[in-house]
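The values are calculated or read from the model by the stated rules, or taken from the named source; none is laboratory data. What you see is a predicted model; the values in this text were computed from it and never measured. Counting neighbours? That spans all protein chains shown, and the Cβs are built from the backbone with ideal geometry, glycine included. Quick note on the areas: whole protein, heavy atoms, side chains included, nothing else; ligands and nucleic acids left out. Shrake-Rupley method; radii C 1.70, N 1.55, O 1.52, S 1.80 Å.
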Amino acid sequence: MDIAVSKALQDKLYDKRKAGALELEALIRSCLADNNHDRIAKIVHQLCHDYAYAVHQPHARNGGLIGLAAAAIALGSEVARYLQEIVPPVLACFSDQDARVRYYACESMYNIAKVAKGEILLYFNDVFDALCKLAADSELSVKNGAELLDRLVKDIVSESAATYASIIVDSSSIEHGSESGHEPETAFSLPKFIPLLQERIHVLNPFTRSFLTSWITLLDSIPDLELVAYLPSFLGGLLKYLTDTNIDVHTTTKQALDKFLSEIRKISAVKKGIAESKKGKDAGRRRSGSSTAIDSPDVDVPKVELKSADDAEVDNAEADDAPAYDATHPDSASSVSAALENGSDLDDPEDEWIPGQDVQIEFQKILDILVTFLSESRNEEIQLTTLKWIEAFLDICPEDILLFTPRLLAQVLPALSSDGELVKQAAGRVNQALMNYVVSLPEEPSKQPEITEQTASAPSGSAPVAPSNGPGRLREATTNLDGRRESTPALRPTRKPPSPEPAEPLPRTPDSRTPEPPAETASIASKAYIDFDYEAAVNALTLQFLHEHEATRVAALAWLIMLHRKSPRRILAIHDGTFPALLKTLSDPAEAVVTRDLLLLSQISKNSDDSYFTSFMVNLLKLFCTDRRLLETRGNLIVRQLCTSLSAERIYRTMADILSSSSDPSTANPSPDPEIDDIEFASIMVQNLNNNLITAPELSELRKRLRNLDSSKDAQTFFTTLFRAWCVNAVATFSLCLLAQAYEQAYELLKLFAEMEMTVTTLIQIDKLVQLLESPVFTYLRMQLLEPERYPHLYKCLYGLLMLLPQSSAFAALKNRLNSVSAIGYLHIPNRGAAVPTTPSSVSTFERQNRLKAREDGGIRWTELLEKFRTTQERLRKAQQRALNPHAELEEAGSPESVKVAVERRPASAASGRGVGQAQQGAKDQGMINGQAGLRNARTGGLAQFGRFAGGVGKGKAKGGK
């Protein structure tokens with residue numbers, strides 16, 4: 001440079017530096033006119049190293065910046081060859097500590113970029129990085145200058161990024177490009193820019209975030225760049241921007257995400273339309289070929305003769321079946337139809353290109369990001385956005401979501417109980433859509449052995465790609481466009497079937513007719529089945545049982561019920577870990593949860609063997625034994641729901657066997673679990689089962705069977721099983737006999753009642769039984785009171801109950817009932833002057849109807865049942881005494897009298913009921929001393945206590961007086 005120009009550029013006054021820059025511009029123009037590029041290169045070198053890089057001379061640095069701008073303006077279109085030396089010093093000044101230097105750097109880069117235009121894109125990453133930092137600059141003038149430069153660069157990118165190739169290229173690269181047939185590389189490279197964007201996307205400054213979102217929106221608006229293919233690289237950062245308090249950042253981010261989702265939908269629709277069009281064309285060609293081969297004069301013959309016209313009609317009709325494709329891309333649809341009319345395949349190079357058909361979207365990576373943010377973020381806006389995207393992906397690429405189903409369930413189900421109403425609704429839609437898709441999956445691949453072998457023999461590289469509809473999977477396994485197009489048509493048909501049984505018609509399809517589509521569809525079905533991890537899904541759902549909200553627990557059980565109905569064998573294979581959780585869920589405070597839990601347990605029991613069902617009943621009784629509150633509050637509900645879902649007789653028979661073995665250790669089959677060897681619990685459980693047997697509408701058929709014992713051998717066996725278990729509860733055993741119309745047996749039980757100590761609990765149960773006798777269940781019994789000659793022992797049973805009851809409300813109700821038919825009973829009483837038979841009254845009824853003898857002949861051994869009842873009640877009495885006075889039990893066990901009684905009872909139990917009666921009497925004599933004080937207390941204060949428990953009894957006693 002001239003010395004005058006050099007001095008002017010170093011001056012501290014801006015006007016003098018500007019004047020020097022104008023002189024420098026004129027100098028360079030003259031050199032350019034003389035084609036003196038050597039001097040121009042030296043001037044540029046001098047400006048860079050003596051001025052722009054002069055860190056400790058701010059005025060010289062400012063002069064260098066304005067000089068470089070003047071040089072670029074002077075060079076004009078020739079600036080491209082000097083940009084490699086001009087741009088770096090200007091970029092270096094962007095980080096200068098002096099705000100004026102940073103501002104002049106913006107001004108200089110603006111002028112350089114304005115002249116260079118597309119060539120500046122070679123340095124886009126560096127310019128973008130500098131602008132990203134300047135967007136958050138503390139100096140307002142610098143920020144304004146950076147904003148002007150940013151607008152200019154955006155204009156250049158919008159205009160030239162997709163097509164501009166630099167004029168400064170090596171001759172070797174030009175030769176290589178011409179030989180290979182590829183177009184020269186563009187100046188702007190999106191793959192080189194994405195790492196920088198990925199690095200900068202995690203900034204916190206709102207101004208920088210606005211800058212980044214504006215650039216993302218701009219780049220996405222350029223069709224040929226296809227920024228959406230790189231979406232996983234920066235999607236996480238964009239989702240974080242939704243939590244920004246700055247309204248502008250939040251709004252622009254939301255708009256950018258909505259635009260990306262809309263673009264993904266369009267690309268998916270384009271691919272789907274191409275696939276369906278190709279499928280229709282292939283089907284038309286197969287039909288045309290078959291009609292030509294058989295040479296038949298049907299409708300297909302004209303298609304062969306007039307191939308172009310008919311094929312166009314067929315293919316247009318097939319293409320019209322893709323509404324999403326036609327609606328979204330009408331131009332694309334017309335181009336596809338035109339290609340079909342010309343008789344060319346879509347895979348041919350001459351086909352028209354449809355925007356979006358070659359874009360590969362990595363759905364799995366996007367889903368991974370969405371599920372991660374859904375699990376880690378509690379921000380309502382992020383949850384809404386992620387759920388919205390997942391719901392859209394369930395329609396676009398549901399097969400890719402299968403891999404994420406366990407993780408997705410762990411987040412969507414809790415979202416059903418979210419405080420935000422919008423989040424709750426979005427989670428409900430996603431949950432329903434995901435469940436519908438899982439239901440529509442094909443059944444187990446065991447139904448298709450041949451197809452499974454084809455899938456297993458596929459190459460390892462292509463096996464995971466074939467079942468996927470999503471281009472994300474295809475992109476990882478295939479590299480050429482033709483391979484992607486060939487695989488696309490075979491993928492979409494699996495989204496269509498609404499029912500889970502699309503796999504059945506596949507084996508029926510003849511191989512000689514259309515061998516390829518069934519095989520492809522079957523391989524997709526098999527792979528979709530394999531992709532769904534049942535065990536992980538069940539484990540994720542089981543964890544939701546611990547969630548605090550009812551809606552989440554109900555949804556988890558609904559999923560398990562659906563999965564079990566769909567594939568019971570897969571669920572049964574992993575039920576061991578979930579079974580304890582299902583049992584524990586029976587204690588849930590929500591009735592809806594318990595109902596679904598019981599339904600699931602019932603389903604599992606239906607598809608399992610008897611050992612599992614028995615284990616289920618044992619564990620249920622064990623749960624009732626350890627959790628008495630559950631038995632009191634939910635016992636009836638659980639029993640009734642199980643009887644609705646399963647066989648009521650099977651449930652009662654199994655529970656009766658378990659309770660019978662637990663209350664009697666001398667049985668051949670001891671209790672399966674020592675924790676339920678509690679005779680007191682057995683008594684309470686029998687009482688609950690008996691109340692349900694009498695009152696539950698679900699057990700009406702079971703009651704009918706018990707009322708007709710003579711008609712079925714199975715009914716007699718069932719009655720015997722119940723009777724043996726019911727012996728631990730005297731009133732329940734008596735009511736069972738009334739239900740089965742075994743009135744003589746019931747009367748024999750009442751005789752044993754007289755020998756027992758009547759406790760307050762027993763009186764309460766009798767009081768409830770009297771109330772049940774007035775219910776519709778025992779209507780037949782009340783009608784039988786009108787036939788005393790046929791049911792003589794029924795009168796004795798009811799009058800016996802009357803004698804056992806104190807004068808209470810129940811006593812009055814039963815007395816009124818009997819008084820209403822007392823006249824009929826008197827008609828059948830023998831005259832007082834008649835000879836009284838020496839045999840007991842029970843024997844005198846043999847000639848009319850001896851139900852006891854008749855049923856014993858039929859298979860029910862009534863004598864053994866009575867003996868069983870007597871021994872069980874004796875064991876229950878001793879257990880109650882041990883509970884009240886454990887020390888007396890130790891003393892009694894060591895006394896010679898107790899040893900004598902024990903020795904006498906052993907042969908008596910095997911010989912006859914008489915010996916047992918003697919042993920029982922001896923045992924009662926031994927316990928008389930210990931029980932004397934208790935009897936006196938019961939006579940004085942027991943009935944008063946009873947009045948508080950069984951409403952009305954104490955009141956009736958008070959009315960009756962002492």
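Averaged per residue, what accessible area in Å² does segment 1-164 show with a 1.4 Å probe, protein chains only? Before the final figure, lay out each step's value.
Details: 7570 Å² over 164 residues.
On a per-residue basis, 46 Å².
Beyond a 26 Å Cα-Cα separation, which of these cross-linked pairs lie in this structure: K42/K133; K704/K878; K566/K622; K16/K133; K584/K606?
Working: K42/K133 32 Å; K704/K878 36 Å; K566/K622 30 Å; K16/K133 31 Å; K584/K606 20 Å.
Going by Cα-Cα distance, K42/K133; K704/K878; K566/K622; K16/K133 fall outside the 26 Å limit.
I'd like the FRET efficiency for I167 and N539, computed as 1/(1 + (r/R0)^6) with the beta carbon distance as r and R0 of 45 Å, rounded to 0.05. Can you show the working numbers first?
Values: r = 62 Å, r/R0 = 1.37.
Computed FRET efficiency for I167 and N539 comes out at 0.15.
First check a/c for segment 356-413, with a ≥ b ≥ c the square roots of the eigenvalues of its C-alpha gyration tensor; if it is under 1.5, answer rounded, and if not, answer prolate when a/b is larger than b/c or oblate otherwise. The partial results should precede the final answer.
On the way: a/c = 2.13, a/b = 1.60, b/c = 1.33.
Prolate shape, in that a/c is at least 1.5 and a/b is the bigger ratio.
Sort 787-794, 100-107 for me by packing, meaning the mean count of neighbouring Cβ atoms within 10 Å per residue, highest on top.
Numbers: 787-794: 17.1, 100-107: 23.1.
The most tightly packed comes first, giving 100-107, 787-794.
Using θ = phi - 60° and the Karplus relation 6.51 cos²θ - 1.76 cosθ + 1.60, list the HN-Hα couplings for segment 861-874 in order, rounded to whole Hz, with x at every Gly or Pro.
Those phi angles translate into 8, 5, 5, 5, 5, 5, 5, 4, 5, 5, 5, 5, 5, 5 Hz.
Quick one: net charge around V593, please, counting Lys, Arg +1 and Asp, Glu -1 for every other residue with C-beta under 14 Å from its C-beta. Mind dumping the intermediate values first?
Working: positive: R553, K584, R596, R634; negative: E548, E550, D588, E591, D597.
The answer is -1.
Taking 0.36 nm per residue of sequence separation and subtracting the Cα-Cα distance, how much length would be gained by fully extending the chain between Y780 and K154, in nm to one decimal?
The Y780-K154 span can extend by a further 216.1 nm.
Going through segment 548-645, which chymotrypsin sites (Phe, Trp or Tyr not before Pro) have at most 16 other Cβ atoms within 10 Å and a DSSP loop state? If you can, show how the numbers build up before the last one.
Working: sites: W559, Y612, F613, F616, F624; in loops: none.
Passing sites in segment 548-645 do not exist.
Y799: accessible area at probe 1.4 Å, nearest 10 Å²?
Here the residue's solvent-accessible area equals roughly 90 Å².
Go through 709-715, 561-567 and give me the packing order, highest mean Cβ count within 10 Å leading.
Numbers: 709-715: 13.9, 561-567: 18.3.
Highest mean packing first, the order is 561-567, 709-715.
What net charge do the residues around L563 carry, taking every other residue with its C-beta under 12 Å from that of L563, with Lys and Arg at +1 and Asp and Glu at -1? Could you put the intermediate results ahead of the total?
Values: positive: R565, K566, R569, R570; negative: D533, E535.
Its environment carries a net charge of +2.
Please say if segment 1-164 is rounded, prolate or oblate, where rounded means a/c under 1.5 for a ≥ b ≥ c the square roots of the C-alpha gyration tensor eigenvalues, and otherwise the choice is prolate for a/b larger than b/c and oblate otherwise?
Working: a/c = 2.04, a/b = 1.16, b/c = 1.76.
Taking the square roots of the gyration eigenvalues as a ≥ b ≥ c, segment 1-164 is oblate.
Does segment 18-98 come out rounded, prolate or oblate by the C-alpha gyration tensor, with a ≥ b ≥ c the root eigenvalues, rounded set by a/c under 1.5 and, if not, prolate when a/b is larger than b/c and oblate if not?
Because a/c hits 1.5 or more and a/b exceeds b/c, segment 18-98 counts as prolate.
For D248, put the label point 7 Å out on the Cα→Cβ axis and report which residues of segment 191-226 keep their amide N under 19 Å from it.
Correct set: 201-219.
Give me the one-decimal nm value for the distance between modelled label points at A812 and E591, 7 Å along each residue's Cα-to-Cβ direction.
3.3
Whole angstrom only: what separates the Cα centroid of segment 600-638 from the Cα centroid of segment 29-61?
After rounding, the separation between the Cα centres reads 92 Å.
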